[in-house]
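Where a number appears in this text, it was derived from the coordinates with a stated rule and is not lab data. The model shown is predicted, which means the values in this text are computed figures rather than measured ones. Ideal geometry is used to build each Cβ from the backbone, glycine not excepted, and the neighbour counts take in all protein chains shown.
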Ligand code: SAH
């Protein structure tokens with residue numbers, strides 16, 4: 001069992017966010033550290049009057065020096081604690097009724113599930129785990145044992161190869177943690193569609209699970225049936241497979257990764273319906289958009305799902321220019337009445353700001369553009385009200401006409 005080795009006293013007035021159940025304590029909020037905690041240790045947090053506020057794990061090398069696990073005075077952080085939190089998260093997914101047509105989904109969404117720094121995704125018989133913080137990294141063996149017992153998977157794979165670990169003083173860590181390794185191409189189902197996933201090397205934990213609901217929405221027949229679709233930032237063809245299932249006539253997939261596109265083509269193949277005219281362009285989406293503009297091509301539906309453009313506050317202006325350029329180019333390629341599904345997964349760019357960027361793009365493109373539906377991350381990636389940082393994916397389904 002974890003025993004607190006220190007007490008962190010917060011500066012005057014800095015206890016408010018903790019009372020409001022925000023799980024992060026920044027270095028600037030801490031007045032004093034009593035004790036000699038090692039990195040990753042459990043610590044108590046108190047206010048100026050030495051009143052207990054919360055219990056957290058500690059990392060002096062991170063700007064976020066403490067991540068709160070419990071607000072209950074004296075609550076033990078033992079196996080039973082972790083089990084309660086893990087089971088609560090998993091039960092939340094059971095009630096989403098994703099099974100049996102969807103076999104891959106997020107089981108544990110870190111802070112939003114009361115488990116700061118821990119991400120666990122289920123892919124059929126396998127679990128993929130990401131330890132984003134030192135506090136979780138140090139408890140990895142304990143968590144793996146619990147996850148194996150609770151979920152009874154065939155194997156647990158680690159994919160802690162994310163940049164944020166550097167801010168915690170950690171390097172990448174990948175590999176099999178428990179049980180047996182999955183095949184190089186593991187088949188999952190999403191809304192009844194079949195996808196091959198590379199759990200060892202695919203992006204994130206293998207698949208962009210957070211886009212599931214948006215793929216289903218954009219892949220409705222009234223949007224794509226008989227239509228031409230330009231699927232930019234296609235990865236392994238998530239949006240393309242849905243569009244093909246709804247009988248789009250032509251689907252052009254663009255991604256810088258030739259490997260991802262090869263997987264996209266296999267995914268189109270294996271779902272086995274009448275094939276659309278499907279094309280795969282390994283290259284830069286901006287260049288492909290300019291090429292089609294210069295050629296005078298037009299599409300009925302465009303999907304824009306770029307990677308994160310803003311990694312820190314310094315990047316926000318530049319990221320907005322990138323999003324504006326992309327959307328400006330895409331809007332001008334759409335036929336009158338065409339659909340644009342556009343996304344940003346930059347947590348630092350709010351839905352409001354993204355909407356303003358889109359407004360700028362539409363005005364400059366000279367297109368009357370309607371938001372038909374604001375979009376966000378799938379239901380298995382919940383957003384804690386006390387932790388707005390957990391809302392990172394935003395998007396809009398739009399229709400557009402020349403002015
Ligand atoms: N829509 C996909 C997920 C896209 S993730 C799905 O539903 O699964 C973003 C993708 O953009 C990654 O596959 C990455 O390889 C690709 N990418 C990054 N920069 C790019 C660029 N400049 N042009 C084209 N693709 C790019």
- Which shape class, rounded, prolate or oblate, goes with region 79-186 when its Cα gyration tensor gives a ≥ b ≥ c as root eigenvalues, a/c under 1.5 marks rounded, and past that a/b bigger than b/c marks prolate? oblate
- Measure nothing but the geometry: give the 0 to 90° angle between the long axis through the Cα atoms of 316-333 and the longest principal axis through the Cα atoms of the chain, rounded to 10°. 20 degrees
- Message: Quick check: from the Cα gyration tensor, does region 134-277 come out rounded (a/c under 1.5), prolate or oblate?
- Response: prolate
- Query: How long, wide and thick is region 2-109, going by the Cα atoms along their three principal axes, in whole angstroms, largest first?
  - Reply: 52, 26, 26
- Counting only C-alpha contacts under 8 Å and six or more residues apart, can you give the relative contact order of region 208-402 as a whole percent? 21 percent
- Relative contact order of region 79-186, pairs being alpha-carbon contacts under 8 Å that are 6 or more residues apart, as %: 20 percent
- Computed over the chain: relative contact order in percent, which uses C-alpha pairs under 8 Å that are six or more apart: 11 percent
- Item | For the chain, share of DSSP beta bridges that run antiparallel, in % to the nearest 5 | 65 percent
- Task: State the extension gain, in nm to one decimal, for the chain segment bounded by residue 204 and residue 315, taking 0.36 nm per residue of separation less the distance between their alpha-carbons.
- Result: 37.8 nm
- Length released on extending from residue 225 to residue 389, taking residue separation times 0.36 nm less the Cα-Cα span: 55.4 nm
- Task: Would you kindly state how much longer the chain becomes between residue 258 and residue 88 on full extension, computed as 0.36 nm times their sequence separation minus their alpha carbon distance, in nm to one decimal?
- Result: 57.2 nm
- Separation in nanometres of the label points that stand 7 Å from Cα toward Cβ, at residue 373 and residue 161: 3.4 nm
- Rg to Rh, two decimals, where the chain supplies the alpha carbon set and Rh follows Kirkwood: 1.01
